[in-house]
């Protein structure tokens with residue numbers, strides 16, 4: 001049973017996560033020969049103030065403003 005953990009900034013919509021889950025599940029089935037129902041994916045949503053890329057917190061990175069704004073508004077389709 002493949003167990004896949006995905007860490008990403010909070011703020012992705014349920015539709016985005018659904019699309020991701022479908023694609024990753026199919027990839028696990030194809031690459032590993034796993035049964036679709038045995039592929040487990042867990043999202044760990046992280047806040048922009050606890051992750052930094054290139055020495056800049058996501059909460060202070062202008063290039064991540066869209067995702068950070070969705071997190072701040074609590075939007076989750």
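Given the criterion assigned to a strand (DSSP E or B) and at pLDDT 95 or above, identify the matching residue among 20, 43.
Every option except 43 fails the conditions.
Give the residue that is farthest from the chain's Cα centre (by Cα), with candidates limited to residues of the range 15-49 that are loosely packed, with under 10 Cβ neighbours inside 10 Å and under 21 Å from residue 69 (Cβ atoms).
Looking at residues that are loosely packed, with under 10 Cβ neighbours inside 10 Å and under 21 Å from residue 69 (Cβ atoms), I get 15.
The values are calculated or read from the model by the stated rules, or taken from the named source; none is laboratory data. Please read all numbers here as calculations on a predicted model, not as lab measurements. With ideal geometry, Cβ positions are generated from the backbone for all residues, glycine too; neighbour counts draw on all protein chains shown.
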